[in-house]
């Protein structure tokens with residue numbers, strides 16, 4: 001079954017709501033507003049499958065992730081977590097790990113292939129900040145708040161965020177955020193470098209897609225979607241390599257060996273050069289990478 005844009009049917013999900021604002025963009029809305037969009041076990045696995053599908057769907061080139069209601073995501077579902085602890089105390093084994101291989105929200109440890117932009121409309125706390133920090137870009141509403149309150153709950157935040165936080169912010173700022181558990185404003189996030197842009201607030205009940213933070217994120221997504229799909233995949237992967245290799249030279253070698261020949265032999269690099277010579281807009285084809 002195809003959508004009106006020719007996009008294949010996405011996996012069946014209950015937690016996130018998915019829409020397609022344009023033919024090449026996926027909008028994902030965390031949709032448990034009464035629970036401040038806390039992510040339960042089913043939600044983690046649903047998001048992992050959804051973003052795997054996004055990476056494999058040739059028509060899609062960029063995604064935007066936001067939250068319904070007044071929160072982006074307030075972290076883990078602690079009520080479910082407490083129930084799992086009680087089951088474990090009774091000697092009952094968990095049917096599956098709390099988190100999938102891709103980590104919190106299906107993105108905490110995702111390397112992925114295509115970019116996801118976070119439109120942070122409110123609180124991004126604990127795992128919610130882990131989701132935000134895993135985004136390729138973060139657009140924040142003016143009242144957005146970011147925090148790691150795990151230290152106040154006896155939790156270790158050991159799902160992959162802490163090493164990334166050191167790389168993102170430097171040792172002192174990472175330790176300040178993780179050891180105090182204090183809330184950071186959107187303005188501090190912009191000064192610290194993990195927020196790309198700040199926009200005006202909207203009422204929580206306003207239609208998600210009409211919110212300024214989502215509109216700004218969609219503007220960036222459209223800008224990305226208008227570029228060569230091959231180049232977007234290759235350039236993103238080359239930058240992400242440093243996260244995983246921890247060494248610039250090793251990351252360079254990996255990206256060059258993996259992509260240089262494929263990119264040079266692809267259709268879009270030829271189209272991009274030809275369009276420049278002919279002084280016209282390029283006509284990209286969906287990436288085969």
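Computed values, structure above
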{"item": "Region 109-152 - Rg (one decimal) and Dmax (whole number), Cα, Å", "result": "11.0, 35"}
{"item": "Per-peptide average of other Cβ atoms within 10 Å, ordering 208-215, 227-234 highest first", "result": "227-234, 208-215"}
{"item": "Extension gain (nm, one decimal) between residue 281 and residue 168, 0.36 nm per residue minus Cα-Cα", "result": "37.1 nm"}
{"item": "Ranked by how many other beta carbons lie within 10 Å on average, peptides 275-286, 93-104, 21-32, 50-61 from highest", "result": "21-32, 50-61, 93-104, 275-286"}
{"item": "Extended-chain gain in nm, criterion 0.36 nm per residue less alpha-carbon gap, residue 201 and residue 222", "result": "5.4 nm"}
{"item": "Cα-projected label distance for residue 215 with residue 243, points at 7 Å along beta-carbon direction, nm", "result": "3.0 nm"}
{"item": "Taking 73, 38, 62, 223 and counting other C-beta atoms within 10 Å, the order from fewest to most", "result": "223, 38, 62, 73"}
{"item": "Diffusion constant of region 229-277 at 4 °C, which comes from Stokes-Einstein with the Kirkwood Cα-pair radius and 1.567 mPa s, µm²/s", "result": "113 µm²/s"}
{"item": "Theoretical FRET efficiency, 1/(1+(r/R0)^6), r = Cβ-Cβ of residue 270 and residue 18, R0 51 Å, to 0.05", "result": "0.95"}
{"item": "Helix-derived mean residue ellipticity, 222 nm - over the chain, DSSP H n ≥ 4, -39500 (n - 2.57), to 500", "result": "-13000 deg cm²/dmol"}
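Each value in this text was obtained by applying a stated rule to the coordinates, not by laboratory testing. The model shown is predicted, which means the values in this text are computed figures rather than measured ones. Methodologically, a virtual Cβ is constructed for each residue, glycine included, from the backbone with ideal geometry; neighbour enumeration extends over all protein chains shown.
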